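Bear in mind these aren't lab numbers, they're just calculated from the coordinates by the rules spelled out. All of these numbers come straight from a predicted model, not from anything done at the bench. Because the Cβ atoms are built from the backbone with ideal geometry, glycine has one as well, and the counts that use them run over all protein chains shown.
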Amino acid sequence: MNLKEIVSISGMSGLHKIVSQRGDGLIVHSFDDGKSRFVPNRTHIFTPLEGITLYTQTDNIELTKVLAEMKSQKDKNPPVEGKASGEKHQEYLRSIVPDFDEEKVYVSDIKKLIKWYHILEAQGLLVEDEAPAAEEAKAEKAPAKKKAAKEEAAAEEPAAEKKPAKAKAKSAKKGGADE
């Protein structure tokens, strides 16, 4: 799920996709009406969905993980309707994230989460990305390969070149060579 370019904008309903950036704001495409417009950063705050977390009793959980869990439980546990009671909304979120912090996560937050879920699902953006997992695996392997290459190169150096730096500096001061 790639939510880097999806933002919530203060004072505007729904979700928006970043089309372009300017020094004084963003050009965004609204998922609600399908129109693109310039939104100045002087009057609005942009919140990328990728950076949002949900409060829990232990560690906070990323929004992408909550949305992925909502999608995986969609058939057996569909999201509640917007007009349902606050207790129904909390009950639903408890089935998705059992240890969410009920004091910090308000019913309005849960309603917004469900609304966002429906928008992202309608746009086809709730698809798991295989690429980031592959990139992480490559990133973990790269330092190990570099370390192995350095160790191999160090093993191949002749013993004379492995002379400590202090010894080389002393011989340079004396004006003579140790060889």
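Residues whose amide H lies under 5 Å from that of N41, counting only those 5 or more places away or on a different chain, are G25, L26; hydrogens are built 1.01 Å from N in the peptide plane.
Amide H contacts for T56 (H built 1.01 Å from N in the peptide plane; partners 5 or more residues away or on another chain; cut-off under 5 Å): I61, D101. Could you list, in their original order, any pairs among K76/K104; K17/K112; K88/K112; K71/K112; K17/K83; K71/K111 whose Cα atoms are separated by more than 21 Å? Going by Cα-Cα distance, K76/K104; K17/K83 fall outside the 21 Å limit. Applying the Karplus relation 6.51 cos²θ - 1.76 cosθ + 1.60 with θ = phi - 60° to region 69-79 yields 3J(HN,Hα) values of 5, 4, 5, 5, 9, 4, 6, 8, 9, x, x Hz, where x marks Gly and Pro.
For region 18-33, putting each phi into the Karplus relation 6.51 cos²θ - 1.76 cosθ + 1.60 with θ = phi - 60° gives couplings of 6, 8, 7, 10, 10, x, 10, x, 10, 9, 10, 10, 7, 6, 6, 10 Hz, in residue order, rounded to whole numbers and with x for Gly and Pro.
For V19, the residues 5 or more places off, or on other chains, whose built amide H falls under 5 Å of its own are I27, V28, H29. Which shape class applies to region 6-48: rounded if a/c is under 1.5, otherwise prolate when a/b exceeds b/c and oblate if not, where a ≥ b ≥ c are the square roots of the Cα gyration tensor eigenvalues? Oblate shape, in that a/c is at least 1.5 and b/c is the bigger or equal ratio.
When each of the peptides 82-91, 117-126 is scored by the mean number of other C-beta atoms lying within 10 Å of its residues, the order from highest to lowest reads 117-126, 82-91.
Working note: Karplus 6.51/-1.76/1.60 with θ = phi - 60° gives region 61-67 the couplings 10, 5, 4, 4, 5, 5, 5 Hz, where Gly and Pro are set to x.
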